[in-house]
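K.L.:
Take a look at this one; I'll ask things after.
The values are calculated or read from the model by the stated rules, or taken from the named source; none is laboratory data. Everything numeric in this text was worked out from a predicted model, so none of it was measured. Don't worry about glycine lacking a Cβ; one is built from the backbone with ideal geometry, like all the others, and counts go over all protein chains shown. Note: areas computed on protein heavy atoms with side chains; ligands, DNA, RNA excluded. Shrake-Rupley method; radii C 1.70, N 1.55, O 1.52, S 1.80 Å.
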Amino acid sequence: MASLGIASKTLLFPYWCILAIRNKLYDKGIFKSESFDIPVVSVGNISAGGTGKTPHTEMIVQALKSRYRVAVVSRGYKRKSKGFRLVKATDDFTVCGDEPLQMKKKFPDVLVAVCKDRGEAIRKLKDEYGVNLVVLDDAFQYRKIRPSCNVLLVNYNRTIENGNLLPIGNLRDLPSQTKRADVVVVTKCPDFSIFDGNQDEEHGMETVKEQETVWRKSLGLREDQPVFFSTAVLQQALPVFPGLCNKRYMYSKFAVAFTGIADDTLFRSQLVSTHKLEEVLKFADHRNFSRSDIRKIEAMAQRQKEAAVITTEKDSMRLKTNKYISDELKERLFALPVGARIIPEGKREEFFKTITFMKNDRIAER
């Protein structure tokens, strides 16, 4: 908290104490954590937003769903439903949350569940649906469960060791909690995997070793905490309303954009690599777009009549059932998916093997 004034430090101190005491009570076993006899991979962060939890959860599901009966469990942030719920691809985001809905639409054959009590969800999925590997989305702070592997995501462009706690800073937990990570992934890295494969993989591996040394020191990690690196994957923008899409805008070199996510830096950088970005509107994270919001978006679109209107994949989940969007806007509205990839390629299989068998090698593949 060195970067804050005395008044701000005083305001944060009670919150710091609460977090420290809570973590200590779990560390000492006074507060109990439940463990399971199947692999439970938790994906989370210490900083609020911007580390790529959903793309990394999706990356893990994509890699493991052919080998395991995989399920994803999320709390379903801001949903209106209660208790345990299996997400359907036809759900409205209000009953399950935008991120769980996004994952279900992307992986229709994978079980996606939302439940405030993640332990209850795991038990149901294991006992009633035969699931033998669970991925917990955004659960690093959920200490009622002791996962078989705790994957901590850290943004390459946003340090945490000298960060400040919410609400003044962007940290959800104490930086010292990096000690609980079984695996650390530094996300949104520059793509130093250009040295992969037939070009110069040895050079690429040397780059990884150099980066690993830097990040181990920065985060204060132990030698037994593996460090991996990932980069964002540019994907093609897709129409939010395929049946109404005007193909003319699919090929437009101009774009206007809007986002309702915590950190849209990556989204913007991806967009400017493919389009001339004319205007951008930024809304609060998980924004349920109101009539007024849609009017602002449509006014922006009217000012740039040749431009495609592009948003994030997560935001598109909250737009599909929005009653305020005109047909004219629907013709021009696209979502830009963001993926994640472990780099260099030679470390990819090592990552998936590490997260599934780090503490539990008794579970047979499906």
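K.L.:
Out of (1) out of contact with any Leu (no Cβ under 8 Å at 6 or more places or on another chain); (2) under 14 Å from residue 44 (Cβ atoms); (3) open to solvent by 10 Å² or more (accessible area, probe 1.4 Å), what's the single condition that is false for residue 118?
P.N.:
Answer for residue 118: the failing condition is (1).
Yes or no, residue by residue, for (1) touching a Lys or Arg at 6+ places or on another chain (Cβ under 9 Å); (2) of a type outside the set (Asp, Glu); (3) buried (at least 18 other Cβ atoms within 10 Å of the Cβ):
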site	(1), (2), (3)
229	yes, yes, yes
262	no, yes, no
268	no, yes, no
272	no, yes, no
278	yes, no, no
289	yes, yes, yes
299	no, yes, no
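K.L.:
Of all residues in the stretch 9-31, how many are in contact (Cβ under 8 Å) with a residue 60 or more places away in the chain and assigned to a loop (DSSP other than H, G, I, E, B)?
P.N.:
Within the stretch 9-31, residues that are in contact (Cβ under 8 Å) with a residue 60 or more places away in the chain and assigned to a loop (DSSP other than H, G, I, E, B) number 1.
K.L.:
Which ones in the stretch 205-255 are among the β-branched types (Val, Ile, Thr) and over 20 Å from residue 338 (Cα atoms)?
P.N.:
Correct list: 207, 208, 213, 214, 227.
K.L.:
Let me ask something else about it. In the stretch 69-81, is there at least one residue being open to solvent by 40 Å² or more (accessible area, probe 1.4 Å), under 20 Å from the mean Cα position of the chain (by Cα) and without any contact (Cβ under 8 Å) to a residue 60 or more places away in the chain?
P.N.:
First, pick out the residues of the stretch 69-81 that are open to solvent by 40 Å² or more (accessible area, probe 1.4 Å): 69, 75, 77-78, 80.
Pick out the ones that are also under 20 Å from the mean Cα position of the chain (by Cα) and you get 75, 77-78.
Remaining after also requiring without any contact (Cβ under 8 Å) to a residue 60 or more places away in the chain: none.
Scanning the stretch 69-81 turns up no residue that is open to solvent by 40 Å² or more (accessible area, probe 1.4 Å), under 20 Å from the mean Cα position of the chain (by Cα) and without any contact (Cβ under 8 Å) to a residue 60 or more places away in the chain.
K.L.:
Would you pick out the residues in the stretch 333-349 that are surrounded by fewer than 20 Cβ atoms within 10 Å (Cβ to Cβ) and part of a loop (DSSP other than H, G, I, E, B)?
P.N.:
337
K.L.:
Would you point out which residue out of 272, 338 is more than 17 Å from the chain's Cα centre (by Cα) and aliphatic (A, V, I, L, M)?
P.N.:
Details: 338 fails: more than 17 Å from the chain's Cα centre (by Cα).
Within the list 272, 338, the selection yields 272.
K.L.:
Quick check, is residue 291 more than 27 Å from residue 191 (Cβ to Cβ) and either among the charged types (D, E, K, R) or touching a Ser or Thr at 6+ places or on another chain (Cβ under 7 Å) (or both)?
P.N.:
Working: more than 27 Å from residue 191 (Cβ to Cβ): yes; either among the charged types (D, E, K, R) or touching a Ser or Thr at 6+ places or on another chain (Cβ under 7 Å) (or both): yes.
The answer is yes for residue 291.
K.L.:
Could you please give the count of residues in the stretch 243-288 that are aliphatic (A, V, I, L, M) and in a helix (DSSP H, G or I)?
P.N.:
Taking the stretch 243-288 and keeping what is aliphatic (A, V, I, L, M), we get 244, 250, 255-257, 261-262, 266, 271-272, 277, 280-281, 284.
Among the residues that remain, those that are also in a helix (DSSP H, G or I) are: 244, 250, 266, 271-272.
Residues meeting the conditions: 5.
K.L.:
Restricting the stretch 157-181 to residues that are farther than 12 Å from residue 219 by Cβ and under 18 Å from the mean Cα position of the chain (by Cα), which is surrounded by the fewest Cβ atoms within 10 Å (Cβ to Cβ)?
P.N.:
157
K.L.:
Any residue at all in the stretch 328-335 that is charged (D, E, K, R), within 22 Å of residue 101 (Cα to Cα) and in contact with a helix residue (DSSP H, G or I) (Cβ under 6 Å, 6 or more places away or on another chain)?
P.N.:
If we filter the stretch 328-335 for residues that are charged (D, E, K, R), which is where we start, we get 328, 330-332.
Still in the running and within 22 Å of residue 101 (Cα to Cα): 330.
Add one more test, that the residue is in contact with a helix residue (DSSP H, G or I) (Cβ under 6 Å, 6 or more places away or on another chain), and what stays is 330.
Yes, that holds for at least one residue.
K.L.:
Suppose we keep only residues that are part of a loop (DSSP other than H, G, I, E, B) and open to solvent by 30 Å² or more (accessible area, probe 1.4 Å) within the stretch 320-331. Which one would you say is nearest to residue 239 (Cα to Cα)? Working first, answer last.
P.N.:
Here is the first cut: in the stretch 320-331, the ones part of a loop (DSSP other than H, G, I, E, B) are 320-326.
Okay, now just the ones that are also open to solvent by 30 Å² or more (accessible area, probe 1.4 Å), so 320-321, 323-324, 326.
Details: 320: 11, 321: 14, 323: 17, 324: 18, 326: 15 Å.
Once the filter is applied, the top-ranked residue is 320.
Conditions (1) touching a Pro at 6+ places or on another chain (Cβ under 6 Å); (2) open to solvent by less than 20 Å² (accessible area, probe 1.4 Å), marked per residue:
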| position | (1), (2) |
| --- | --- |
| 57 | no, yes |
| 61 | no, yes |
| 67 | no, no |
| 86 | no, no |
| 89 | yes, no |
| 94 | no, no |
| 109 | no, no |
| 127 | no, no |
| 140 | no, yes |
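K.L.:
So which residues in the stretch 286-308 are within 24 Å of residue 90 (Cα to Cα) and β-branched (Val, Ile, Thr)?
P.N.:
294
K.L.:
On to the next question. Of the residues in the stretch 202-227, how many are in contact with an Asp or Glu (Cβ under 8 Å, 6 or more places away or on another chain), over 22 Å from residue 177 (Cβ atoms) and open to solvent by 30 Å² or more (accessible area, probe 1.4 Å)?
P.N.:
Residues in the stretch 202-227 being in contact with an Asp or Glu (Cβ under 8 Å, 6 or more places away or on another chain), over 22 Å from residue 177 (Cβ atoms) and open to solvent by 30 Å² or more (accessible area, probe 1.4 Å): 0 in total.
K.L.:
Check the stretch 303-319 and report whether any residue there is among the β-branched types (Val, Ile, Thr), surrounded by 19 or more Cβ atoms within 10 Å (Cβ to Cβ) and more than 18 Å from residue 97 (Cβ to Cβ).
P.N.:
Keep residues of the stretch 303-319 that are among the β-branched types (Val, Ile, Thr), which gives 309-312.
With the extra rule that they be surrounded by 19 or more Cβ atoms within 10 Å (Cβ to Cβ), the set shrinks to 309-312.
From what's left, more than 18 Å from residue 97 (Cβ to Cβ): 309-310.
So far as the stretch 303-319 goes, yes, one or more of its residues are among the β-branched types (Val, Ile, Thr), surrounded by 19 or more Cβ atoms within 10 Å (Cβ to Cβ) and more than 18 Å from residue 97 (Cβ to Cβ).
K.L.:
Among the numbered criteria (1) part of a helix (DSSP H, G or I); (2) closer than 27 Å to residue 170 by Cβ; (3) of a type in the set (D, E, K, R), which single criterion is violated by residue 295?
P.N.:
Looking at each condition in turn, residue 295 falls short on (2).
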